[in-house]
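**Student:** To start, I am sharing the structure in question, which I have written as structure tokens.
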Amino acid sequence: MKMMAAFRTPKKLNRSFTVSFLLFALLALFGSFMALPLIYAVNNAFKPLDELFIFPPRFFVNNPTLDNFYDLVALMGNSWVPLSRYIANTLLITVVGTAGHILLASAAAYPLAKYRFLGSKTLFSIVVLSLMFSGHVTAIPNYMVMSWLGWINTHASIIVPSLAFPLGLFLMKQFMEQLPDALLEAAKIDGANEYRIYWSIVMPNVKPAWLTLMILQFPMLWGTDGGSFIYSENLKTLHYALGQITLGGIARAGVGAAVALILMIVPISLFIISQSSVIQTMATSGMKE
């Protein structure tokens with residue numbers, strides 16, 4: 001409880017104005033360097049073709065134009081699969097996969113964080129160990145499982161594996177351990193069952209954690225093209241459709257710049273909205289009472 005109070009109460013920093021100004025200037029400098037790729041991508045999306053291929057390349061656009069976006073709309077309009085179908089497929093995979101992962105990870109993390117049962121430490125050790133393996137290592141076993149289940153060429157082949165993202169379970173457990181046990185005991189005394197405690201007390205108090213999971217999971221699913229799991233054109237995602245347009249050669253360089261901006265603007269907007277929750281979760285995920 002003392003640790004939670006100390007975490008929520010901001011501490012006054014004992015440093016001079018000069019040191020604070022220099023620190024702020026240093027952070028602003030590094031922040032500017034981090035923002036340069038995004039600014040460059042935005043400028044490229046509005047550059048005409050002659051500015052895209054000029055040498056040496058110019059960072060900012062001189063004669064902004066919307067022709068790249070008009071060409072993109074025209075190309076998508078000529079596709080035999082409507083653009084709305086690609087958008088619907090992407091939204092289905094992204095929303096269901098992200099929401100399902102948050103619910104599954106939090107429901108599994110709650111008993112691991114607040115109860116001690118036979119094999120609980122072993123289960124969590126397996127979760128931590130699974131963080132060592134990248135998606136490339138598990139790609140073949142994942143494909144074999146999806147094939148045995150008959151889910152190849154369905155959206156389930158993308159959604160179901162995303163539900164088992166091990167980092168989500170790890171973050172949720174570490175954050176739930178910071179909740180005081182007295183709060184949960186008080187809810188039990190008032191007659192709340194475990195499901196009510198989980199949904200009405202635990203989930204609202206770990207909002208920064210599941211917002212962080214949303215930010216981590218959303219870009220991965222938003223940027224998926226189906227890989228080797230989806231073959232039907234009607235089931236393809238927006239990332240795949242826009243990626244095919246950029247393969248048209250040099251003439252579509254402007255359209256490719258517009259595609260890059262469209263694909264990055266949604267995840268970046270989501271991160272800007274919830275960035276404070278990400279910082280709070282990463283700062284507390286490793287703490288212990």
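The values are calculated or read from the model by the stated rules, or taken from the named source; none is laboratory data. Note that this is a predicted model, so its numbers are computed, not measured. All Cβ positions, glycine included, derive from the backbone under ideal geometry; neighbour counts span all protein chains shown. The protein model used for the area step is the full one, side chains on, heavy atoms only, and it has no ligands, DNA or RNA in it. Shrake-Rupley method; radii C 1.70, N 1.55, O 1.52, S 1.80 Å.
**Student:** Using the Kyte-Doolittle scale, find the helices of the chain whose mean hydropathy is at least 0.0 and whose Cα atoms extend 24 Å or more along the helix's long axis, counting only whole DSSP H runs.
**Tutor:** 17-45, 83-114, 253-284
**Student:** While we're looking at this one, here's another question. Just grab the label-to-label distance for GLU233 and SER16, each label 7 Å out from Cα along the Cβ direction, in nm (one decimal).
**Tutor:** Going by the 7 Å Cα→Cβ label model, 7.0 nm.
**Student:** Under 8 Å for C-alpha pairs, at least 6 residues apart: give me the relative contact order for the stretch 14-112, rounded to a whole percent.
**Tutor:** Computed over the stretch 14-112, the figure is 16 percent.
**Student:** Shifting gears a bit: Restricting to lysines 8 or more places apart or on different chains, can you count the pairs in the chain with Cα atoms under 21 Å from each other?
**Tutor:** 17
**Student:** At R0 = 35 Å, how high is the FRET efficiency between LEU167 and SER32 if r is their beta carbon distance? Nearest 0.05 is fine.
**Tutor:** Here the calculated transfer efficiency is 0.75.
**Student:** Continuing with this model, one more query. Could you tell me which trypsin sites (Lys or Arg not before Pro) in the stretch 89-163 are loop residues by DSSP with no more than 11 other beta carbons within 10 angstrom of their beta carbon?
**Tutor:** When the trypsin sites (Lys or Arg not before Pro) of the stretch 89-163 are filtered for loop state and at most 11 Cβ neighbours within 10 Å, ARG116 remain.
**Student:** Given a 1.4 angstrom probe, I'd like the percentage of the accessible area of the stretch 166-268 that is carbon and sulfur, rounded to a whole number.
**Tutor:** Carbon and sulfur: 65 percent of the exposed surface of the stretch 166-268.
**Student:** Defining a contact as two alpha carbons under 8 Å apart and six or more residues distant in sequence, what relative contact order in percent does the chain show?
**Tutor:** The normalised contact order for the chain reaches 28 percent.
**Student:** Follow-up question, since we're still on this one. Give the calculated FRET efficiency between LYS188 and ILE126 to the nearest 0.05, with a Förster radius of 41 Å applied to their Cβ-Cβ distance.
**Tutor:** 0.90
**Student:** For the stretch 111-263, what is the relative contact order in percent, using Cα pairs closer than 8 Å and at least 6 residues apart in sequence?
**Tutor:** 24
**Student:** What are the radius of gyration and Dmax of the stretch 31-158, computed over its Cα atoms and given in Å?
**Tutor:** Spelled out, the Cα radius of gyration and Dmax of the stretch 31-158 are 23.1, 67 Å.
**Student:** At 25 °C and 0.890 mPa s, what whole-number value in µm²/s does Stokes-Einstein give for the translational diffusion of the stretch 197-258, with Rh from the Kirkwood sum over Cα pairs?
**Tutor:** Using the Kirkwood radius from Cα pairs, D works out to 168 µm²/s.
**Student:** Okay, moving on. Tell me the mean residue ellipticity at 222 nm calculated for the chain from its helices only (DSSP H runs of n ≥ 4, each -39500 (n - 2.57), averaged over every residue, nearest 500).
**Tutor:** Value at 222 nm, helices only: -21500 deg cm²/dmol.
**Student:** Something else: For Rg and Dmax of the Cα atoms in Å, the listed values are (1) 23.6, 86; (2) 19.7, 66; (3) 23.5, 72; which was obtained by calculation from the structure presented?
**Tutor:** (3)
**Student:** Apply 1/(1 + (r/R0)^6) to the Cβ-Cβ distance of PHE53 and ALA74, taking R0 = 22 Å, and write down the FRET efficiency to the nearest 0.05.
**Tutor:** 0.55
**Student:** In Å, what Rg and Dmax follow from the Cα atoms of the stretch 155-258?
**Tutor:** 21.0, 69
**Student:** Mind checking the per residue accessible area of the chain for me, 1.4 Å probe, whole number of Å²?
**Tutor:** Per-residue accessible area for the chain comes out at 60 Å².
**Student:** Which of PRO48, PRO57, PRO166 ends up with the largest GNM mean-square fluctuation for the chain, with Cα atoms connected below 10 Å?
**Tutor:** Top of the fluctuation ranking is PRO57.
**Student:** Per-residue counts of other Cβ atoms within 10 Å, averaged by peptide: what ranking do you get for 29-42, 82-95, 62-75, highest first?
**Tutor:** 82-95, 62-75, 29-42
**Student:** Please arrange HIS239, HIS136, HIS155, HIS101 by accessible surface area, largest first, computed with a 1.4 Å probe and ligands excluded.
**Tutor:** Reading off the accessible areas and sorting them downward yields HIS136, HIS239, HIS155, HIS101.
**Student:** Continuing with the same structure: Using 7 Å Cα-to-Cβ label points, what is the ARG196/THR154 separation (nm, one decimal)?
**Tutor:** Inter-label distance under the simple model: 3.7 nm.
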